[in-house]
1. Out of the residues in segment 67-84 that are touching a strand residue (DSSP E or B) at 6+ places or on another chain (Cβ under 8 Å) and in a helix (DSSP H, G or I), state the one that is surrounded by the most Cβ atoms within 10 Å (Cβ to Cβ).
2. With 38, 5 as the choices, which residue is touching a strand residue (DSSP E or B) at 6+ places or on another chain (Cβ under 9 Å), on the phi < 0 side of the Ramachandran plot and at pLDDT 95 or above?
3. If I go through segment 128-138 residue by residue, how many of them are surrounded by 14 or more Cβ atoms within 10 Å (Cβ to Cβ) and free of Cβ contacts under 8 Å to residues at least 60 places away in the same chain?
4. If residue 48 satisfies every condition in (1) at positive phi; (2) in a helix (DSSP H, G or I) but one, which is the exception?
5. In the set 151, 95, 118, 87, which member is in contact with a helix residue (DSSP H, G or I) (Cβ under 6 Å, 6 or more places away or on another chain), under 24 Å from residue 31 (Cα atoms), at pLDDT 95 or above and surrounded by fewer than 21 Cβ atoms within 10 Å (Cβ to Cβ)?
6. Being outside any helix (DSSP H, G or I), closer than 24 Å to residue 33 by Cα, touching a residue at least 60 places away in the same chain (Cβ under 8 Å) and away from the ligand (no atom under 14 Å from the Cβ), is that true of even one residue in segment 98-109?
7. Restricting the search to segment 98-115, which residues are farther than 21 Å from residue 46 by Cα, surrounded by fewer than 17 Cβ atoms within 10 Å (Cβ to Cβ) and in contact with a strand residue (DSSP E or B) (Cβ under 9 Å, 6 or more places away or on another chain)?
8. Would you pick out the residues in segment 142-163 that are away from the ligand (no atom under 13 Å from the Cβ) and without any contact (Cβ under 8 Å) to a residue 40 or more places away in the chain?
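The values are calculated or read from the model by the stated rules, or taken from the named source; none is laboratory data. Predicted model, so just to flag it, every value in this text is computed and none were measured. Backbone-built Cβ (ideal geometry, glycine too); neighbour counts: all protein chains shown.
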Ligand SMILES: Cc1cc2nc3c(=O)[nH]c(=O)nc-3n(C[C@H](O)[C@H](O)[C@H](O)COP(=O)(O)O)c2cc1C
């Protein structure tokens, strides 16, 4: 019999990057639930150097989809959750804090049956443009956003991005491969 812990560990392994979505909107209460989980993410010295902005309006999502190299699916995701960080507030731990917040969002979305995909916005001028589009002041930098939606089947074709993961033995240096 599978224990509750094994079930949970298995569940933690399963979220994959989702880039195809149905047209069903993401319910407002689901966005709220995701934010409720995200806000309890730990940050260095509990500085919480972050804010979130939600983009559902199609033209806004389309404009965000032009601000990264691999961001086109933002135009087709029913909701985009933008992560804004203040590096002056977060100091050197800002990127780590941001990554933790993002993973909270991914896991909360997974719990609700939603698919998600973190997306990088760059270069700097696009980071600034995203902040302006989302009505943020210059102190807040939007380096990553998360596409959210109900997963649709992935169209056939080969992705340029490899799937799978390093084996645990490789992570732990047990395979003596360096
Ligand atoms: C920091 C970060 C930035 C990412 N940026 C992008 C991106 O710009 N576009 C994209 O399609 N996927 C992006 N991804 C998703 C990764 O490609 C994905 O997590 C990785 O390929 C593993 O996917 P899988 O879990 O489906 O195997 C990003 C992921 C992370 C953690």
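1. Taking segment 67-84 first, the residues touching a strand residue (DSSP E or B) at 6+ places or on another chain (Cβ under 8 Å) are 68-71, 73-74, 76-84.
Applying the additional criterion that residues be in a helix (DSSP H, G or I) yields 73-74.
On the way: 73: 19, 74: 27.
It comes out as 74.
2. Working: 5 fails: touching a strand residue (DSSP E or B) at 6+ places or on another chain (Cβ under 9 Å).
None of the other options fit; the residue is 38.
3. So in segment 128-138, the residues surrounded by 14 or more Cβ atoms within 10 Å (Cβ to Cβ) come out as 128-131, 133-134, 136.
Pick out the ones that are also free of Cβ contacts under 8 Å to residues at least 60 places away in the same chain and you get 128, 131.
Looking only at that region, the number is 2.
4. That leaves (2) as the condition not met.
5. Working: 151 fails: in contact with a helix residue (DSSP H, G or I) (Cβ under 6 Å, 6 or more places away or on another chain); 95 fails: in contact with a helix residue (DSSP H, G or I) (Cβ under 6 Å, 6 or more places away or on another chain); 87 fails: under 24 Å from residue 31 (Cα atoms).
Criteria check complete, one pass: 118.
6. So in segment 98-109, the residues outside any helix (DSSP H, G or I) come out as none.
Within segment 98-109, not a single residue is outside any helix (DSSP H, G or I), closer than 24 Å to residue 33 by Cα, touching a residue at least 60 places away in the same chain (Cβ under 8 Å) and away from the ligand (no atom under 14 Å from the Cβ).
7. Result: 113, single match.
8. Those that are away from the ligand (no atom under 13 Å from the Cβ) and without any contact (Cβ under 8 Å) to a residue 40 or more places away in the chain: 156, 157, 158.
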